[in-house]
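Accompanying notes for the structure given below.
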Amino acid sequence: MGADVIFGSEKMHTTLASKISDSPKLQHSTRVLWIVIVGVAVFRGLLVHWQRQRGIYDIYKLAGEHWLAGNNIYDNRDSLIGFRYAPLIAAFMSPLAKVPDVVGSILFRTVNVAVFIVGAFAFLDRVVCAPRRTRAEAAFWLVLAPLAFSGLTDLQVNALATGLMMLAVAALPQSKWNFAAACLTGAVLLKAYPIALMLPIILLWPRQMGWRCALALLLGLAAPFLLQRPAFVWDQYHRWFHLMLLNERHHLPMNLWYRDVRLPLGRMGVFVSDRAYLVLQLAAALWVAGVVVSLQRKPINWRLHLGTLYGMTAGWMLAFGPASEGVTYIMLAPALTWLTVDALTQPHAKAWRWAIVTLFACFAATELSLWFPFGRALRNLGPQPVAAVLFMVFLTSLQFAPAVKRSSAQADLPIFAPETRI
């Protein structure tokens, strides 16, 4: 995996796509659906003066104001509602302090959605490997829509971080190492725990990605010192690290807990201590590492390798990570979309296809339920981390249980190109 490789499936995609009858109505419906989603996500910012639609905009705006004024950004008294991102992100929020709230909200949402959409296109081309203007591409966007809708319309940086993660993974087949390292660093500075994706990528491509990621992180952490007084920035880093150590919610009522595996376990009466959860996190990390290391022993198959890499690390971040919230599960959407489209279009056993489609349907219903009165109560039961763990189990099965796949002679003609081995 350490050697440079060439992405060489464009010709095969073009040839196969020419044999597929296009569906203009399906393509048109997909575009209309996503125009509506983007419109709702962006222009919801027009309602920023309504308290119910304002979200946590004030947290971002206040962080920008404090950064410009050289005041303390972090309120260590309450890690539940305060600003929790790196100092560099606070600097990026400073334009919000200079523009009207409506303009700032729309600008913030536009950047979020734009990076996610660009990342999704890259993920479609280089990980899902579906040719454009085909049923496979339409399936990708149709499956992605319900999984990403809540995260895109919510006023947080989860969609932005997910877009950067998709861009980073999609850059690997083209050997765009600098771009991949920059995107990974941006995601880490936004949410911290995407380092769970950075580390396996370094493991698989140590020569290309090791020093680049280290340099990008150093530059990202050092940049705030050029934008404000060094003493102030140093103090903010100290406060930020201290705040991260206090980033705990399990002393609060259960409906305020993070959406990791402790929530469904707690609902069943099994309460996991901090030490036990650390052991559980490490065990799950070994699980992910085992799957990732197994990829090194196989011929490079970009679609399978990158989908598994992204999916396993995203599953760990959400089900076993330090600070998963309901809307954070948009990070799992690209990988679950990839696996669902793969199950529908590649030669697999019927039982496997039904299992994946059922997982997708349950996850999509949970994501969309937030728009209904019962949605919050449903999420408080903990279905999201359960689905994330099941997703990791399915990905592991795909790697180690060839029985889930039928021979190509027994299968229907796949909609898009079969596995590309280089």
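Going by the conditions given, is ILE89 within 30 Å of VAL292 (Cβ to Cβ), modelled with pLDDT under 90 and in contact with a helix residue (DSSP H, G or I) (Cβ under 9 Å, 6 or more places away or on another chain)? So ILE89 fails the test.
Restricting attention to segment 363-375, and to residues there that are in contact with a helix residue (DSSP H, G or I) (Cβ under 6 Å, 6 or more places away or on another chain) and touching a residue at least 12 places away in the same chain (Cβ under 8 Å), which single residue is surrounded by the most Cβ atoms within 10 Å (Cβ to Cβ)? Walk me through how you get there before you give the answer.
Step one: filter segment 363-375 for residues in contact with a helix residue (DSSP H, G or I) (Cβ under 6 Å, 6 or more places away or on another chain), giving 363-364, 366-370, 375.
After this cut, where a residue has to be touching a residue at least 12 places away in the same chain (Cβ under 8 Å) as well, the list is 363-364, 366-368, 370.
Values: PHE363: 24, ALA364: 21, THR366: 22, GLU367: 26, LEU368: 15, LEU370: 17.
Applying the filter and picking the extreme gives GLU367.
For segment 288-297, the count of residues that are charged (D, E, K, R), modelled with pLDDT under 90 and over 25 Å from the mean Cα position of the chain (by Cα) is at least one. In segment 339-358, the residue that is farthest from the chain's Cα centre (by Cα) out of those that are part of a helix (DSSP H, G or I) and of a type in the set (Gly, Ala, Ser) is ALA351.
Could you say whether any residue in segment 11-23 is modelled with pLDDT of 85 or more and among the β-branched types (Val, Ile, Thr)? Talk me through it step by step, then tell me what you get.
Narrowing segment 11-23 to residues modelled with pLDDT of 85 or more: none.
Among the residues of segment 11-23, not one is modelled with pLDDT of 85 or more and among the β-branched types (Val, Ile, Thr), which makes the answer no.
Looking only at residues that are part of a loop (DSSP other than H, G, I, E, B) and under 26 Å from the mean Cα position of the chain (by Cα) in segment 52-72, which one is nearest to LYS98 (Cα to Cα)? That would be ILE56. Residue-level check: of (1) in contact with a His (Cβ under 7 Å, 6 or more places away or on another chain); (2) of a type in the set (A, V, I, L, M, F, W, C); (3) in contact (Cβ under 8 Å) with a residue 60 or more places away in the chain; (4) over 14 Å from LEU203 (Cβ atoms), TRP302 misses just (1).
Each row is one residue, and each column tells you yes or no for (1) in a loop (DSSP other than H, G, I, E, B); (2) buried (at least 24 other Cβ atoms within 10 Å of the Cβ).
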residue	(1), (2)
GLY269	yes, no
VAL292	no, no
GLY311	no, yes
ILE330	no, yes
THR337	no, yes
PHE360	no, no
ALA377	no, no
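Against the conditions (1) in contact with a helix residue (DSSP H, G or I) (Cβ under 9 Å, 6 or more places away or on another chain); (2) in a helix (DSSP H, G or I); (3) of a type outside the set (Phe, Trp, Tyr), GLN156 satisfies every one except (2). The residues on offer are HIS49, HIS28, and the sole one that is at pLDDT 65 or above, more than 26 Å from the chain's Cα centre (by Cα) and assigned to a helix (DSSP H, G or I) is HIS28.
The values are calculated or read from the model by the stated rules, or taken from the named source; none is laboratory data. All of these numbers come straight from a predicted model, not from anything done at the bench. Here Cβ is always computed from backbone atoms with ideal geometry, including for glycine, and neighbour counts include all displayed protein chains.
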